[in-house]
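Beneath this line is the structure, given in structure tokens, with notes to follow.
The values are calculated or read from the model by the stated rules, or taken from the named source; none is laboratory data. Owing to the predicted nature of the structure, the values given are computational and were not obtained by experimental measurement. Positions of Cβ are generated from backbone atoms using ideal geometry, with glycine treated the same way; all protein chains shown enter the neighbour counts. Areas reflect the complete protein model, heavy atoms only, side chains present, ligands, DNA and RNA absent. Shrake-Rupley method; radii C 1.70, N 1.55, O 1.52, S 1.80 Å.
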Amino acid sequence: MKKILVLLLVTFLFQNSRSQNGRMIIPSELSNDLISRMQEMGSKLTADAIYSPDKTSLNDAVIQFNGGCTGEIVSPDGLILTNHHCGYSAIQSHSTFEHNYVKDGFWSQSLAEELPNPGMYVTFVRKIENITDKVMEGIDDTMDETQKKSMIQKNINRLEKTLPKKDWQEIQIKSFYDGNSYYAFTIENYKDIRLVAAPPSSIGKFGADTDNWMWPRHTGDFSVFRIYAGKNNRPAEYSPDNVPYHTDSYFKISIKPKKAGDFFLIYGFPGRTQEYLPAVAVQQKVEVINPARIKTRKTVLDIMKSYMSKNDTIKLQYTAKYARIANYWKKWIGENQGIKRTGVIEKKKDFEKYFISQAQAKKMDPDYLRIFNLFENLYKENRDIELARNYFIEIFYLNNDLLKRALLLYNLKQTYEKQGKESFAELQKKYAGRLTGSFKNYNTTVDKDIFKALMKLYAAYMPAAYKNTSFNPDNIDDIAENIYQNSVLNNPDELKKLLHKGPKKFIKILDNDPGYLFAEKFIKDYYQKIAPDYQNIRSKINNLQKKYMKGIQQVFDNRPLYPDANGTLRITYGVIKGYEPHDAVYYFPISHVKGIIEKYIPGDYEFDIPKKLIDLYKNKDYKPYSNSGEMPVDFLGTAHTTGGNSGSPAINKEGELIGINFDRVWEGTMSDLYYDQKICRNIMVDINYVLFVIDKIGNDKRLIKEMSITK
Ligand code: ARG
Ligand code: ASP
């Protein structure tokens, strides 16, 4: 019995250690063991080929795309591939009524036609170094956590300035294993990034929200950009004189047919995972936080949908907003179901028993024997605070335009009162575009209905300790009428004027505005009560989590574990593989163009397709991207990915590009909290389909010639 338990528990953390999966590995820590495991699966890649600080290696061809996604370089002239959903706002920003690149696609035919995107940037990681010792300098056990933290921060600030680097580089230091390790990243930011090509949305977003997080999937989720540099090939601000970035490190592309079982590797920038939380934390997420967020968003989405289905203008205005809100709404539903279905909480509890037994056997710090009681108490104390914070963010920041405007104006007012005139003027400029821009895709009636529904939710569900009782939801109709008619928050012209006023006048207007005054009391509650309470309990939880993480490392004799994602460059590998979403159902890992035709609904905003694609299908005109008579579209694999991995290259055993990562399957979205190889899959768009679309739909032979394609 005991043996079985231990085996079970060890597989909890090492379930994939000898199988078809490697998870979120730091590229500079590719051990011989990992390389040989990959080789057992067919890989021919050496550690040096994947990452090397001094030689050209694959890390030089992988970039963080605009801070949130990943991209890869596919030509010696800085051509980048990423997802359509990562390039979407850039594509949208260049679209007009006459040139609707979102709807029709964009295919530049020369460098001169490539379109600049102010503010957009990409980041290279040139070197990664474990500098834990340096960050911990001067720390000793007599210090309490607060003293330690401030010492660590001081060291980080100093090291970011003093570690060796070239003039055009930056040093970024990030914490790993909940603050037990620190790594320095030598990075380069290129700031002149131009749009080169994008498929029509009916390909790049095919299936939209209905198919999002789902398999079978048929989305051609890619777009094409290019890095421009100064004449010396170094980062430069946008200039018409800049030239394409030149490099020896770019991906060659393989269009050989793929099959289940093939090895692949994902190289990219996963944003955030939390796999080492105690059971109580996961339980709180699943039973308290996720349901609150799901309920709030469902309310908002239902209202949007009811208007969108009746009115085409509103549909157009709200499609992107709807997609953004629906994305995590749907993810949390999948996450909750996956956690329950795979018994994550029970598995974690079992692990915690094992942890205690090991702490005893290994004579670890006796504090570890009560660590789960401490967690229990902290998460009890945390419950209402966490809930209040989530309701506040969902209601006042993420889902209603009017309340969000109030929040931005509050920040402006605070900035003046705390930091003075200059900071105020600076922030005013910064917010101006966002505030006036928020009327672009906006409908007063829709927003007002959402406002009313959200404020009713607030009254019903905000935990009592944090609820503002001066608000009576019975009057919400009158309150809403008054605000939406008379407040500057719903008046683009008046708001624009307000944004040109000096601070005194600005504040005077706000202090007499019915909408602002209504919102301000809730915002004050947040900053004066909820946020400080949250900070306070969070720092206690974080300290304990740091200790727990260290304990887990000790329990596993300091063998390398995979650190949680934190937005830094990682590798994860796997094989192309299907899965069983439900009893007696098996999903095959590769989808095809014939499946697009099966889903095709003429005129539908999610499932319409270009006529050209139908013709290509009818003529089976797929060569050379497929010679089999079936054109692959998307494929599944066992790599452990998360938000931020979108746009990541999928690389074959030879180091060639075979696909672009863009999503995960619904049953497995809980992989952020617990990765289960049985049902967690990442979704990639097949590079053959990407090239097929560029070549035969976009007719962009220039790009096909520019890339190195192996048949
Ligand atoms: N689920 C994917 C990822 O999180 C794709 C999101 C874009 N698509 C959408 N319908 N919102 O973020
Ligand atoms: N779609 C996600 C992204 O945008 C990827 C994921 O969550 O799997 O990064």
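In the stretch 609-644, what count of residues is obtained for those that are within 16 Å of ligand 1 (Cβ to nearest atom) and surrounded by fewer than 22 Cβ atoms within 10 Å (Cβ to Cβ)?
Qualifying residue count for the region: 1.
Looking only at the stretch 57-89, which residues are more than 11 Å from ligand 2 (Cβ to nearest atom), over 13 Å from GLU706 (Cα atoms) and either among the polar types (S, T, N, Q) or touching a Pro at 6+ places or on another chain (Cβ under 6 Å) (or both)?
SER57, ASN59, GLN64, ASN66, GLU72, SER89
Looking at the stretch 496-507 only, could you name the residues that are in a helix (DSSP H, G or I) and touching a Lys or Arg at 6+ places or on another chain (Cβ under 9 Å)?
The answer is LEU498, PRO503, PHE506, ILE507.
State whether one or more residues within the stretch 561-577 are without any contact (Cβ under 8 Å) to a residue 12 or more places away in the chain and surrounded by fewer than 20 Cβ atoms within 10 Å (Cβ to Cβ).
no
Considering only the stretch 76-90, state which residues are among the hydroxyl-bearing types (Ser, Thr, Tyr) and either open to solvent by less than 30 Å² (accessible area, probe 1.4 Å) or in contact with a Cys (Cβ under 6 Å, 6 or more places away or on another chain) (or both).
THR82 - this is the single residue of the stretch 76-90 that is among the hydroxyl-bearing types (Ser, Thr, Tyr) and either open to solvent by less than 30 Å² (accessible area, probe 1.4 Å) or in contact with a Cys (Cβ under 6 Å, 6 or more places away or on another chain) (or both).
Quick one: is VAL693 within 16 Å of ligand 1 (Cβ to nearest atom) and either in contact with a strand residue (DSSP E or B) (Cβ under 6 Å, 6 or more places away or on another chain) or not in a loop (DSSP other than H, G, I, E, B) (or both)?
no
Sort out which residues of the stretch 317-352 are farther than 24 Å from PHE662 by Cα and part of a helix (DSSP H, G or I), and write them in order of number.
Result: GLN317, LYS340, ARG341, VAL344, ILE345, GLU346, LYS347, LYS348, LYS349, ASP350, PHE351, GLU352.
Run TRP666 past the list (1) open to solvent by less than 50 Å² (accessible area, probe 1.4 Å); (2) at negative phi; (3) within 16 Å of ligand 2 (Cβ to nearest atom) and report the number of the one that doesn't hold.
With respect to (1) open to solvent by less than 50 Å² (accessible area, probe 1.4 Å); (2) at negative phi; (3) within 16 Å of ligand 2 (Cβ to nearest atom), TRP666 is out only on (1).
So that you can scan it fast, the table gives a plain yes or no per residue for (1) within 26 Å of CYS680 (Cβ to Cβ); (2) modelled with pLDDT of 90 or more:
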| residue | (1), (2) |
| --- | --- |
| LEU8 | yes, no |
| PHE14 | yes, no |
| ILE26 | yes, yes |
| LEU30 | yes, yes |
| GLU40 | yes, yes |
| ASP60 | no, yes |
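Considering only strands (runs of 3 or more DSSP E) fully contained in the stretch 160-227, which possess at least 3 residues that are within 20 Å of ILE697 (Cα to Cα), open to solvent by less than 10 Å² (accessible area, probe 1.4 Å) and in contact (Cβ under 8 Å) with a residue 60 or more places away in the chain?
192-198
Just to be sure, is PRO581 touching a helix residue (DSSP H, G or I) at 6+ places or on another chain (Cβ under 9 Å), more than 30 Å from THR186 (Cβ to Cβ) and not β-branched (Val, Ile, Thr)?
Judged against the criteria, PRO581 is a match.
When only residues in the stretch 30-75 that are open to solvent by 50 Å² or more (accessible area, probe 1.4 Å) and touching a residue at least 24 places away in the same chain (Cβ under 8 Å) count, which is nearest to TYR250 (Cα to Cα)?
Looking at residues that are open to solvent by 50 Å² or more (accessible area, probe 1.4 Å) and touching a residue at least 24 places away in the same chain (Cβ under 8 Å), I get THR56.
Could you pull out the residue among ILE679, ILE651 that is away from ligand 1 (no atom under 16 Å from the Cβ) and in contact with an Asp or Glu (Cβ under 7 Å, 6 or more places away or on another chain)?
Being away from ligand 1 (no atom under 16 Å from the Cβ) and in contact with an Asp or Glu (Cβ under 7 Å, 6 or more places away or on another chain) holds for just one of ILE679, ILE651, which is ILE679.
Residues that are under 30 Å from ASN311 (Cα atoms) and under 28 Å from the mean Cα position of the chain (by Cα): which helices (runs of 4 or more DSSP H) entirely in the stretch 357-473 hold 3 or more of them?
In the stretch 357-473, 401-419, 421-437, 444-461 are the helices (runs of 4 or more DSSP H) which contain 3 or more residues that are under 30 Å from ASN311 (Cα atoms) and under 28 Å from the mean Cα position of the chain (by Cα).
Please verify whether ALA260 is under 30 Å from GLU381 (Cβ atoms) and either away from ligand 2 (no atom under 16 Å from the Cβ) or open to solvent by less than 40 Å² (accessible area, probe 1.4 Å) (or both), treating the condition exactly as stated.
Here the answer is no, as ALA260 does not meet what is asked.
Identify, from the list ILE530, ILE597, the residue that is open to solvent by less than 30 Å² (accessible area, probe 1.4 Å) and either at pLDDT 95 or above or in a loop (DSSP other than H, G, I, E, B) (or both).
Going through ILE530, ILE597 in turn, just one is open to solvent by less than 30 Å² (accessible area, probe 1.4 Å) and either at pLDDT 95 or above or in a loop (DSSP other than H, G, I, E, B) (or both): ILE530.
Return the only residue of GLY637, GLY655, GLY629 being under 29 Å from GLN39 (Cβ atoms), of a type in the set (Gly, Ala, Ser) and either free of Cβ contacts under 8 Å to residues at least 12 places away in the same chain or touching a Gly at 6+ places or on another chain (Cβ under 6 Å) (or both).
GLY637
Across the stretch 324-349, what is the total count of residues that are more than 30 Å from TYR397 (Cα to Cα) and open to solvent by less than 50 Å² (accessible area, probe 1.4 Å)?
5
Does GLY647 satisfy the condition of being within 16 Å of ligand 2 (Cβ to nearest atom), more than 29 Å from ARG341 (Cα to Cα), out of contact with any Pro (no Cβ under 8 Å at 6 or more places or on another chain) and open to solvent by less than 10 Å² (accessible area, probe 1.4 Å)?
Yes: the conditions hold for GLY647.
Please work out which one of (1) within 12 Å of ligand 2 (Cβ to nearest atom); (2) closer than 20 Å to PHE206 by Cα; (3) open to solvent by 10 Å² or more (accessible area, probe 1.4 Å); (4) of a type outside the set (A, V, I, L, M, F, W, C) is the condition ASP672 fails and give its number.
(2)
Mind checking which residues of the stretch 214-226 are within 12 Å of ligand 2 (Cβ to nearest atom) and touching a strand residue (DSSP E or B) at 6+ places or on another chain (Cβ under 6 Å)?
Matches in the stretch 214-226: ARG217, ASP221.
So if I check each of ASP133, ASP144, ASP211, ASP178, which one is within 27 Å of GLU275 (Cα to Cα) and within 16 Å of ligand 2 (Cβ to nearest atom)?
ASP211
Out of the stretch 362-397, which residues are more than 25 Å from ASN468 (Cα to Cα) and either open to solvent by less than 60 Å² (accessible area, probe 1.4 Å) or at pLDDT below 95 (or both)?
MET364, TYR368, ILE371, PHE372, LEU374, PHE375, listed by residue number.
From the residues in the stretch 677-703 that are away from ligand 2 (no atom under 15 Å from the Cβ) and closer than 30 Å to GLN274 by Cα, which one is surrounded by the fewest Cβ atoms within 10 Å (Cβ to Cβ)?
LYS678
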